[in-house]
Amino acid sequence: MPTKEKFYLTTPIYYTNGLPHIGHTYTTVVADVVRRFKRMRGYEVVMTTGTDEHGVNVERAAKKAGIAESEFVARMATEWRGLWNELGLNADEFIRTTDLKHVRTVQWLFKLCRENGYVYKDHYTGQYCIYDNAFVTDAKPGDNCPDCGRPTETVTEENYFFKLSAFQKPLLDFYRKNPTFIQPETRKNEIVSFVEGGLKDLSITRTTIRWGIPVPGEEPHVFYVWFDALTAYLSAVGGPEFERRGMWPADLHLVGKDIIRFHTVYWPAFLMAAMLPVPKQVWAHGWFLMDASKMSKSKGNVILPRPIANMLGMDALRYFLLREIVFGQDGNFSYDALVTRYNSDLANGLGNLASRTAAMIDKSFAGKIPKPAALAPQDVALAKETQSTIGEVLERYENMEFARALETIWGVIAAADKYLTSEQPWALSDGQADTERKAAILWTTAEILRIVTALAHPVLPDSTGKVWSLLGQPGAVSGIELDGLRWGQLVSGVQLGKAQALFPRVDKAEAIERIEAMANEEQNPQPAPAAAHAVATSASSGAAAAPAVSEKIGIEDFAKVEMRVGQIKTAERIVGADKLLKLTVDIGTEIRQICAGIAQYYEPEALIGRKVAVVTNLAPRKLRGVESNGMIIAASVGPEGRPVLAGFHEDVEVGARLK
Ligand SMILES: [Zn+2]
């Protein structure tokens, strides 16, 4: 049993017929912020996410891909888990509904419900699509299938039913005794009136679906959707042996508003029927609207997290999602607003305050945080103001008011900026009195920065870590106990750490264009380039390491490739693409922009003036959103395919053709 107070939270178990988009990312980011916040308040925290892998949609998708369902879902789970890891959103538990421990838990829960008299067998009649092998929910006789448009047929099958109707009163009593169970308040009213309207028993098994968890001894019955998926929250922390882990009941289920009914009606009813503890809270967030319409695959307005994280950093996306959208309500998503926030709040706000403060301490105090001899009234006033916001921010986080928590923190940043502008430490002399005054100002500013960093850490885990080490403060910022955070704990006399670029300013139009190009690349992947092509220009393709079998070509085929001597004029790194360099290359007749996947092995400055072999008649293409018009030839060396630029031992004229 944990000695600390426990906190168990979950995201939904995401359905694996598609890949993660910004909506899933939003829920998972919120869960990660809550997890980090609770840890900094001293809780023993477990966060669960996972994949919902059963059902007819998976059957269909696997069939379309020409592979077994088990292989299809294994690939999808790898994709989901991989993306969460890449985005720094790796949960403590990743549960798959095909995991054996989950299968056992569902069967055990069913057994308990049945033993307690809440399960019975009956006939289920509905509209069925023979082509898709699926019941069409809410269809009436004569309706067509929404998936394929064919007429549905009325079909009756034998199902197991759950006596949901028996839980109307117990649920209403439960909501009354636990007034914060359903959040936000508006959703609670909806659910209460839904339950007051009466509950119908629920079919929880199917015989028409093959890909599901079998009902023991009752094949061909398999569990249907919610009885399977919801139970994953319990499977992840011990299933039948949940008491040993000590995490159940869940303290918080985070869900989208479209699935709140299942989480606040079905799920507590299943658990009550099994006489198991019921979760403490379900929080429903809103949807992302783009031009006021819900984001959806069919509308083609899906936003992907990876291109944004590549361009601006994951912290920027986290900040935007929590700052711009009031948690619990619908919010608008636009790249324009995202980049605007990035530049104003992160680059000009936190990033600028950190780099300014460090630069002044560097200049006036040889990079050591000064110790003030005396404080002026305005320093003390600012200290009081900052101290008073600590409690306010903690309360806002605790109430899931993330936008307001961040607004409060950024209010402190603005106050520090204003303070520096009015105190003008840069205008003070090196005389003793002025130096003492400078020490007080810079100590005060650094202390504000320390407090802001600790408070913003749950939302900006990466960049606050950088500010923390810049300030040379002991330990890790994640190890700060927020409840013990006070004004005046800044350790002075320590040397500042190395300055790191926090949030480089970006040009809005260019940043948006790059994000969109990367999103387009990700949604419409081009076929893998040929081996030779990959060497110089592809940042990530594994094709270079596995050259195709050499097939002999005629001289006329080779003659189609135009190669010339080029000279590199400029070289720079590309924000958001750590393997690529953007080069301009003189090829004799013109100067071309070419991207090359050599950034990890060549310093940009060292390349200027270098003569290289360039394929000049390659169709232009975009790499990470940057146009590349041509290709630099490089050898691929060693197991990791280190690029070595091809060159010349004698001086050659720029533009000369290679034959
Ligand atoms: Zn159909």
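Every number here is computed from the coordinates shown, using simple stated rules; none is lab data. Bear in mind the structure is a predicted one, so any value in this text is a computation, not a measurement. Glycine gets a Cβ as well: all are built from the backbone with ideal geometry, and neighbour counts include every protein chain shown.
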Rank 503, 468, 242 by how far each Cα sits towards the positive end of the charge dipole of the chain (+1 on Lys, Arg Cβ; -1 on Asp, Glu Cβ) and give me just the farthest. 468
Taking 2.2 N^0.38 Å as the expected size of a compact globular protein, what ratio does the Cα radius of gyration of region 183-226 give against it, to two decimals? 1.71
Mind jotting down a quarter of the surface of the convex hull over the alpha carbons of region 73-226, in square nanometres, one decimal? 12.6
Calculate the length of the line joining the C-alpha centroid of region 219-277 to that of region 18-68, in whole Å. 15
Summing +1 per Lys or Arg and -1 per Asp or Glu among the other residues with Cβ less than 12 Å from residue 54's Cβ gives -3
List, largest first, the extents of the alpha carbons of region 5-49 along their principal axes, each in whole Å. 37, 15, 8
Take every Cα pair under 8 Å in the chain that's 6+ residues apart, average their separations, divide by the length, and report that relative contact order as a whole percent. 11
Under a Cβ-Cβ cut-off of 14 Å, what is the net charge of the residues other than residue 139 that fall near it, where Lys and Arg count +1 and Asp and Glu count -1? -3
Net charge within 15 Å of residue 397 by Cβ-Cβ distance, Lys/Arg positive one each and Asp/Glu negative one each, not counting residue 397 itself? 0
Mind giving me the nanometre distance, one decimal, between the label points for residue 407 and residue 380, set 7 Å out from Cα along Cα→Cβ? 3.2
Below 24 Å, Cα to Cα, which lysines can residue 121 reach? Residues fewer than 8 away in the same chain don't count. 111, 140, 163, 169, 200
If contacts are Cα pairs under 8 angstrom and at least 6 residues apart, what is the relative contact order of region 384-451 in percent? 27
Distance from region 157-186 to region 589-623 (C-alpha centre basis), Å: 63
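Pop the C-beta distance of residue 510 and residue 591 into the FRET formula with R0 = 30 Å and round what comes out to the nearest 0.05. Walk me through the numbers on the way to the answer.
Working: r = 20 Å, r/R0 = 0.66.
Step by step, r from the Cβ atoms, then E = 0.95.
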Using Cβ-Cβ distances only, list the Cys residues of the chain with no partner cysteine under 4.7 Å, sorted by number. 113, 148, 595
Toward the positive end of the charge dipole of the chain, about the Cα centre and with charges on Cβ (Lys, Arg +1; Asp, Glu -1), which of 517, 10, 433 goes farthest? 433
Between residue 501 and residue 150, how high is the FRET efficiency from 1/(1 + (r/R0)^6) when r is the Cβ-Cβ distance and R₀ = 45 Å? Nearest 0.05. 0.20
Ranking request for peptides 107-114, 614-621, 176-183: highest mean number of other beta-carbon atoms within 10 Å first, then the rest in descending order. 107-114, 614-621, 176-183
Calculate the spin-label point distance for residue 158 paired with residue 133, positioning each point 7 Å from the Cα along the beta-carbon direction, and give it in nanometres. 2.1
Cross-link partners among lysines for residue 508, C-alpha distance below 28 Å, same-chain residues fewer than 8 apart left out? 294, 297, 299, 418, 466, 569, 579, 582, 622
Mean Kyte hydropathy of 0.5 or more with a Cα span along the axis of at least 20 Å, helices from DSSP in the chain: none
Alpha carbon centre of region 346-422 versus region 84-104: separation in Å? 39
Over its Cα atoms, what ratio of radius of gyration to 2.2 N^0.38 Å does the chain give? 1.15
